[in-house]
Amino acid sequence: MNLEKIGLQIPEILLPNKDIDLHKWSVVACDQYTSQPDYWAEAKKITAGEPSTLNVIFPEVFLEDSNGDERIKQINSTMQNYLDDGTLQAMTNKGFILVDRKTSQAPSRKGLVVAIDLEHYDFNKGSQTLIRATEGTIVDRLPPRIKVRQDAAIELPHIMVLIDDPERSVIEPLFQQNPQPLYDFELMIDSGHIKGYAIDTPELIQQVADALETLASPEVFTNKYNAPDKDVLLYAMGDGNHSLATAKAIWESLKEDANSPQEVMNNPARYALVELVNIHDEGLQFEPIHRVIFNVNPERLLKDMQSHFSGRCTIERCNNAEEAMAKAKQANKEGIHIVPFNDASGYGYIQISQPEFTLELASIESFLNDYLAANGAKVDFIHGDDVVHELGIKEGNMGFFFPPISKHSLFKTIIFDGALPRKTFSMGEADEKRFYLEARKIK
């Protein structure tokens with residue numbers, strides 16, 4: 001089987017040994033709850049004194065702390081200890097892991113843990129590679145993430161990569177093959193349940209490869225998207241865009257430092273462990289990613305926004321949140337964007353006529369990006385309306401609420417329009433994100 005053609009590798013996956021408490025081992029993706037340190041304090045309390053992925057990740061809520069370098073050294077040391085003392089052990093055979101995740105919002109979301117080939121990935125604008133970013137990658141955000149990964153002995157994925165498989169030919173049929181169970185446990189902090197199964201026989205691996213090869217067929221691709229002049233897109237980033245970009249940046253650096261590219265082509269850093277998810281899975285929901293701005297004068301920002309849009313922007317205050325949200329839902333006229341907001345004075349909405357962009361988020365970002373840099377304000381990317389309601393109304397803060405995009409149009413949008421603005425959508429709420437569990441050696 002020619003896995004390289006479909007950007008795949010059969011990985012040697014590491015799992016905690018049978019004596020490890022998986023409820024304490026598995027923690028949520030490091031880029032969640034970035035304005036809620038209390039969540040991470042609770043996770044630390046739960047895992048105290050126990051082997052846990054919390055000890056080998058760098059939650060982004062702490063990225064700006066002064067002890068970052070020391071934390072990274074401790075992470076790397078703990079990773080090596082987990083390898084040396086048998087905390088992590090290789091599966092009996094190389095293979096994939098079939099995942100069934102129950103969340104607070106869905107009874108089942110299915111996935112397949114595989115290794116993808118970074119040679120087939122390019123996160124730059126205009127990329128036509130087999131694996132592509134769905135949102136803009138901010139290169140300035142990569143250095144701290146590179147520092148965490150570059151000397152790490154293992155990777156633990158929170159990356160979720162999408163496939164567009166309406167016939168459900170890749171992942172779903174595997175559940176009918178009675179695969180061997182690997183794990184089955186409750187996730188911490190009311191985050192649902194997860195089951196995993198080994199996909200490690202030649203027959204099942206071949207079945208996966210054949211189904212993906214069909215999806216990657218130029219004929220199937222052209223017919224599906226009516227895109228005769230476009231290169232095949234097989235894998236689209238879902239979650240973990242900057243994590244995969246970090247892995248890619250390190251891989252490209254390794255190739256540059258080698259005497260010849262061929263010297264490193266078998267290096268494990270060429271690949272990244274991810275979970276494939278079918279965009280048509282009923283358990284996969286797209287949620288908008290909102291914005292909360294900190295250290296800002298809301299009235300001044302709104303006035304500057306009106307100036308930026310040169311008379312095409314009006315601001316209206318509302319009596320309550322419900323009124324602002326209802327106004328946004330009525331914005332079905334072509335050529336108008338309506339974005340609800342909140343601040344210490346209450347709620348309102350921004351209306352932009354004749355917008356230059358398709359998405360409301362893109363319109364607001366066209367102003368915010370320069371404004372934040374010029375005024376010393378900071379932004380956080382928020383999953384869930386409730387957090388914006390809580391944080392946006394605090395003095396010196398401001399929240400913006402955005403609508404979701406349709407998951408069924410995502411692949412076609414990326415093929416024809418390229419990557420969306422950064423942090424456009426989220427695959428579910430924060431507690432539905434991927435939890436760290438499996439690992440792979442990258443050195």
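Taking first residues from the stretch 347-363 that are in the same structural domain as MET305 (by TED's automatic domain parsing) and partners that are exposed (fewer than 14 other Cβ atoms within 10 Å of the Cβ) and among the small types (Gly, Ala, Ser), the Cβ contacts under 7 Å between residues at least 6 apart in sequence or on separate chains come to SER353/GLY335; GLN354/GLY335.
Inspect the stretch 348-362 for any residue being surrounded by 14 or more Cβ atoms within 10 Å (Cβ to Cβ), assigned to a helix (DSSP H, G or I) and acidic (Asp, Glu) and give the result as yes or no. Scanning the stretch 348-362 turns up at least one residue that is surrounded by 14 or more Cβ atoms within 10 Å (Cβ to Cβ), assigned to a helix (DSSP H, G or I) and acidic (Asp, Glu). Scanning the stretch 2-52 for residues that are β-branched (Val, Ile, Thr), touching a strand residue (DSSP E or B) at 6+ places or on another chain (Cβ under 8 Å), over 30 Å from ASP380 (Cα atoms) and surrounded by fewer than 23 Cβ atoms within 10 Å (Cβ to Cβ) yields a total of 1. Considering the stretch 367-383, the residues that are without any contact (Cβ under 8 Å) to a residue 12 or more places away in the chain and within 25 Å of the chain's Cα centre (by Cα) include one that is farthest from ASP417 (Cα to Cα), namely ALA373.
Of all residues in the stretch 108-130, those that are closer than 17 Å to ARG168 by Cα have Cβ atoms under 9 Å from Cβ atoms of residues that are small (Gly, Ala, Ser) and modelled with pLDDT under 95, 6 or more apart or on another chain, in ARG109/GLY428. Kindly establish whether GLU365 is within 30 Å of THR129 (Cα to Cα) and not in a loop (DSSP other than H, G, I, E, B). Here the answer is yes, as GLU365 does meet what is asked. Keeping to the stretch 124-166, report how many residues are closer than 29 Å to ILE199 by Cα, touching a His at 6+ places or on another chain (Cβ under 9 Å) and not in a strand (DSSP E or B). Going through the stretch 124-166 one residue at a time, the tally reaches 5. Report whether or not LEU391 is over 27 Å from CYS30 (Cα atoms) and either in contact (Cβ under 8 Å) with a residue 24 or more places away in the chain or more than 26 Å from the chain's Cα centre (by Cα) (or both). Spelling it out, it is not the case that LEU391 is over 27 Å from CYS30 (Cα atoms) and either in contact (Cβ under 8 Å) with a residue 24 or more places away in the chain or more than 26 Å from the chain's Cα centre (by Cα) (or both). Only a single criterion out of (1) acidic (Asp, Glu); (2) closer than 30 Å to PHE221 by Cβ; (3) more than 20 Å from the chain's Cα centre (by Cα) is not satisfied by ASP84, namely (2).
Would you call ASP184 of a type in the set (D, E, K, R), surrounded by fewer than 20 Cβ atoms within 10 Å (Cβ to Cβ) and assigned by TED's automatic domain parsing to the domain that holds TYR39? Here the answer is yes, as ASP184 does meet what is asked. Among residues that are at negative phi and at pLDDT below 95, PRO166 is not included.
The listed residues are LEU359, LEU372, LEU276, LEU368, and the only one of them that is closer than 30 Å to GLU252 by Cα and of a type outside the set (Val, Ile, Thr) turns out to be LEU276. Looking at VAL61, VAL56, VAL148, VAL99, which one is surrounded by 14 or more Cβ atoms within 10 Å (Cβ to Cβ), among the hydrophobic types (A, V, I, L, M, F, W, C), modelled with pLDDT under 95 and farther than 26 Å from MET265 by Cα? Criteria check complete, one pass: VAL61. Pick from the stretch 382-395 the residues that are of a type outside the set (Val, Ile, Thr) and surrounded by fewer than 19 Cβ atoms within 10 Å (Cβ to Cβ): which of them is modelled with the lowest pLDDT? My answer is GLY384. May I ask you to verify whether VAL379 is buried (at least 21 other Cβ atoms within 10 Å of the Cβ), over 30 Å from ASP117 (Cβ atoms) and not assigned by TED's automatic domain parsing to the domain that holds ILE116? No: the conditions fail for VAL379.
The values are calculated or read from the model by the stated rules, or taken from the named source; none is laboratory data. If you're wondering where the values come from, they're calculated on a predicted model, not measured in any experiment. Neighbour counts run over all protein chains shown; Cβ positions are idealised from the backbone, glycine included.
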